[in-house]
Each structure stands twice: as C-alpha cells, then as structure tokens.
Amino acid sequence: MDLTTLDRLPLWIGGKAVAASTTRYGEVTNPATGDVIRHVPLANAADVAAAVSAAANALPDWRASPPLRRARVLMRFRELMEANKKALAKIVTEEHGKTLDDAEGSVTRGIEVIEFAMGVPHLVKGEFSESVGTGVDSWSLRLPVGVCAGITPFNFPAMVPMWMFPVAIACGNTFVLKPSERVPSLSLRMAELLREAGLPDGVFNVVHGDKEAVDALLVHPEVKAVSFVGSTPIAKYIYATGAAHGKRVQALGGAKNHAIVLPDADVAFAADAIVGAGYGSAGERCMAISAVVAVGEVADTLVAELAARAARIRTGPGNAPGVEMGPVITRAARDRIAAAIDGGVVEGAKLVVDGRAPGIPGHAQGFFVGPTLFDRVTSAMAVYREEIFGPVLVVVRVPSLADAIALVNANPYANGAALFTRSGHAARRFQQDCDVGMAGVNVPIPVPMAFYSFGGWRNSLFGDLHVHGMDGVRFYTRTKVVTGRWPDDGSAAPGFQMPLMG
C-alpha cells in the first residue's frame, strides 16, 4: 500500500484492505505545512458491523489456538516492526508532526509491549490446588473474553494501539482498532505487517472514524471489552456507555502531571529533565510534565534554568535535521493553546517565555507553538487547572514538600508525578504520600516498562485495570475455576447435603 499517493484510505477488515461504505470522509493534514495529504473514511455503523463480524468469525479458531502458536506470530510481528521502524516513524512524523527520533522512540516503546505479550504461554497460566477435599482438586483457567475494541488518540499512533492489541490477541481474543482519524495510516501498515507475520484473517481489524464509529463499537453486542486512551470527558463517556451495554471497559483520561523540585536537587539536571518532559512531542503526551512545583528557595534559580533551556529549543518540522520540537496536531489545537496562554497572562501569571509566534521560516501555514513558560502561577488559575496538551510549562511556588504533595493530591487528575531530590527520606515520603498512579524519583516521565502496567488514578482512569503488564492480561482474560473429582467406584456419590471440602 503506497501511503504517499493514496487519496482515500481503506479500512482493514478480514485480513485485507477494503473500501468503506460510508460517504463521509475527513482530511488528514501534515501539521508542519498545513497541507491535506490524504482523506480518511469516517466509518458508519455498517462498516463497524463488518469489522466486528470479521473478528467474531475469526474468534473460535484463534481462541482455540495454542498460546505458543499465538506467541510465534507475535515474534514474527516484532521482527517486522523492528525491521520497518524507521519507515514507520516517517509515517508518524508526517501525520502527527513529532520529530523522527521521537517517533522512532514511540515505535520502540510499542515493540516492548509485543515482547511482553510474546510471553503469553506463561502469562495465562492458571493456578492448581490438589486435594482441596478428599479426592477433589481445584484449578483456574484464564480464558479470552471475545471480540475486543481499542479506541486510541492522535498523539501516539504506534505506541498506544500496541499497548492494547498485542496483549489482547496474545490472550486469544480478536480485535477491532479505531485509531484517531488524525493519524490513521500507521494502523493500516501495522495490519499489513501482522498479516505478513501470519496472523489469521479477521483477528485484527481497523476502522477509521469519529463519534459515529465509536458509538457503534460501544453498543455492538459482539464487542465484549473496550480500551480507550484520550481526554477525561470522552473517557467518562466511553466508560459509562460501554458499561451500560455490558462491556468490560478501561478508559484512560487526561492528566496534569507535576514535577516537584526540592532545594537539595541538582537544579541543572532537573531543568534538563523537565524541559525534555514538558516540551518533547510539543507537550502532546499524557505523561508530559506541565506543572513544575518549586519548593522554597530553589524557585528563582530553577525558573532561570528552565527559561534558558526553553529559549534554546529548536522548533520546526519534525523531519528536519536538528529540530527538537515539532508542530501541534491541528490548527484548532494551536489556536486553543495560544488562547490558553492569553488566559494565563490575563489571570496574572508571569509569562517568562512566550511561544505564541514562533515564526518558523517557510512554514507559515504549519501548526506551530513555541516553548512557553509561566512563573508565579497559582492553583486557582485556568492555566494550571486545565490540561493544555501543548508546550506550556507553569511554575507554582510552595514553601515545603508537604505543600507540594498536597497540591498534587488536590488536583483532579492523578496520572503521574516526579520528584527531584538527593534525599532518600524525601523520596520515600513522596512515593508513599503522593496520590498518583505513576511516580518518578529523579525520572521526569515515569512511564512503566511493558511488564508493569500504565495508568493513573482519579480523573485519569475510569475502570479497574491499567494497560499492558499483568493488568492488561487480566483485562483481556476472564477466570474460570474448575473443581473436579474422579472416583473409581460408586462410593463417592454426592448426597443431598451441602458438599464440604474436609
């Protein structure tokens, strides 16, 4: 499939590219230039039903296949993803805008989930207890849940889908992916590589679209589990609607991640880390640091270090040599971020670095926002309260670690937080008392490795289980407990009383 010349993208159903039945199409733009580069179908209910039907038809054979056979398909898929990593990164950069290095890194993090899922013969082992009663044994089985769906955001076209479908299909489920219509092409390329790896037709399907496609997945009776990553309002909607239709749902929402810097920290190290975490991928990461909490007398020095580094960041098209930060995803996103910066100024925050007019030569129509830094922000200001999802860092000054932890814990989001310190005592207090799902000590973006699970608390997660790691295995399987007895004569026939295990 030549993604450079294709005007209208297909869906992927039943192991092949198929034309959508919908008459609605959306535009896919290159954020660095503003140019429309292809059109994406906005699938209707009939398109979704076709994908779910293909997944349901493929389910019995795939569910019955030995876990080792599934693992071998994933092994080949992993090799193909690794071999094509640079080409995949170019697709991500073209449609999302992030730098090539960042795009390739995101593909690598997705491949790590494949590597975890390749261990499925061990991951789905149950438990066994001999002689829970006289001649009676009990054991548990981990079984697939059925047809699963994934609804993924624009910011990580490779990594976030791979948080989901490798674990789901390794566990014996079939899958329908609804990627963001802003970045649709990478999912089709992964579908081709899965077919090349030997995945049976119908086990993995791709439908593009907007709310119509999402709603069709949420109400379809054959869809048994739904995974979602996106904004908190949509996560709430996905969770409520999917649960109301009897589905298992994990819905990861928004974030306002904090980096606390103590006076004893290596300020230069902390500033380097925070600038990368705040401005990398133009701040369009659910784990981006967006709020810096400066404790005590470190504030002035820290702000100066952050400002100096922010001013040196080279902003431009993601495929250009030496560029460190690319554009944001759409014109609307750029305008929304600029409006948030305007609002911070009006509210009285001190604008230290202004990124509203970065002036990228030759890219006047691109969706660029430069690194922006606010100081003397309060928790009452919208620029602190709201998830901006752009290259905007705000600094809040507090007198103590206790105040910093209280600030983090009062925030409605609870995805991640980081602490920069040389004190083991402070680090231990932070990791125990900070009420977030993921914590980092001198690590600015504490995204767990694939064999741990990713997810936050409070308004950053709706559902009980996080993605990938063992929570992912638990989400994509259900447990059956079997109790068995094999008497060799008729002497152990059950009576009318409640059976006892003595």
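We did not get these values from a lab; they are worked out from the coordinates using the rules stated. Note that the coordinates shown come from a computational prediction; the quantities given were computed from them, not determined experimentally. When we count neighbours, we look across all protein chains shown, and the Cβ atoms used for this are built from the backbone with ideal geometry, even at glycine.
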Study note, to complete from the structure: Among LYS16/LYS125; LYS16/LYS178; LYS224/LYS480; LYS178/LYS247; LYS236/LYS256, the pairs whose Cα-Cα distance exceeds 25 Å are LYS16/LYS125
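Quick check on the stretch 216-330: of the DSSP beta bridges with both residues there, what percent are antiparallel, nearest 5%? Please list the in-between numbers first.
Values: 0 of 11 bridges.
Just about 0 percent of them are antiparallel.
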Revision key, fill the gap. Cross-link reach from LYS85 to lysines, straight Cα distance under 16 Å and at least 8 residues apart if same chain, gives LYS98
Point to revise | Amide hydrogen neighbours beyond the local backbone of TYR25, cut-off 5 Å, H modeled | key: LEU42
Revision key, fill the gap. Mean separation of Cα contacts under 8 Å (at least 6 apart) over the residue count of the stretch 377-474, i.e. the relative contact order in percent, is 22
Point to revise | For VAL226, residues with placed amide H under 5 Å, excluding near neighbours | key: ALA149, ARG248, VAL249, GLN250
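Report, please, the projected area of the chain averaged over directions, based on the convex hull of its C-alpha atoms, in nm².
Details: hull surface 107.5 nm².
Average projection, Cα convex hull of the chain: 26.9 nm².
Would you mind getting me the FRET efficiency between ASP354 and VAL219? Use the beta-carbon distance for r and R0 = 41 Å, nearest 0.05. Working shown, then result.
Numbers: r = 46 Å, r/R0 = 1.12.
In this case the efficiency is close to 0.35.
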Practice item. Compute the long axis of helix 331-347 from its Cα atoms, compare it with the longest principal axis of the Cα atoms of the chain, and write down the angle in degrees, 0 to 90, nearest 10. Key: 60
Exercise for review: Find the relative contact order for the chain and round it to a whole percent, using C-alpha pairs within less than 8 Å whose residues are 6+ positions apart.
Suggested key: 18
Check your understanding: Residues in the stretch 46-71 near a label at LYS125, defined as backbone nitrogen under 16 Å from the 7 Å Cα→Cβ point?
Key -> 67-68
Exercise for review: Using a Förster distance of 22 angstrom, determine the FRET efficiency expected from the C-beta separation of MET470 and LEU68, and round it to 0.05.
Suggested key: 0.70
Practice item. Figure the gain on full extension for VAL481 and LEU80 (residue separation times 0.36 nm, minus the Cα-Cα span) and round it to one decimal in nm. Key: 140.6 nm
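Relative contact order for the stretch 253-346: what is it in percent, counting Cα pairs under 8 Å that are at least 6 residues apart? Before the final figure, lay out the partial values.
Values: 103 pairs, mean separation 25.1, N = 94.
About 27 percent, as a whole number.
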Revision key, fill the gap. Rounded to the nearest 5, the percent of DSSP beta bridges in the chain running antiparallel is 40
Check your understanding: Amide H neighbours of ILE37 under 5 Å, counting only residues 5+ apart in sequence or on other chains, H built in-plane at 1.01 Å?
Key -> VAL28, THR29, ASN30
Study note, to complete from the structure: Applied in sequence order to the stretch 74-81, the curve 6.51 cos²θ - 1.76 cosθ + 1.60 (Karplus, θ = phi - 60°) yields integer Hz couplings, x standing for Gly and Pro, of 5, 4, 5, 4, 4, 4, 5, 5
Practice item. Would you calculate a helix-derived [θ] at 222 nm for the chain, using -39,500 (n - 2.57) for each DSSP H run of n ≥ 4 and dividing by the full residue count, to the nearest 500? Key: -12000 deg cm²/dmol
Review point. Can you work out ³J(HN,Hα) from phi for every residue in the stretch 378-387, in order, using Karplus 6.51 cos²θ - 1.76 cosθ + 1.60 and θ = phi - 60°, giving whole Hz and x for Gly and Pro?
Key: 10, 5, 7, 7, 4, 5, 8, 5, 9, 6
Check your understanding: In degrees from 0 to 90, rounded to the nearest 10, what is the angle of the helix 100-117 Cα long axis to the longest principal axis of the chain?
Key -> 20
Check your understanding: ARG458: net charge of surrounding residues, Cβ under 11 Å, Lys/Arg +1, Asp/Glu -1, itself excluded?
Key -> 0
Review point. At what distance in nm do the modelled label points of THR301 and LEU143 sit from each other, each positioned 7 Å from its Cα along Cα→Cβ?
Key: 6.2
Exercise for review: Using only Cα atoms, tell me the angle between helix 267-279 and the longest principal axis of the chain; keep it within 0 to 90° and round to the nearest 10.
Suggested key: 70
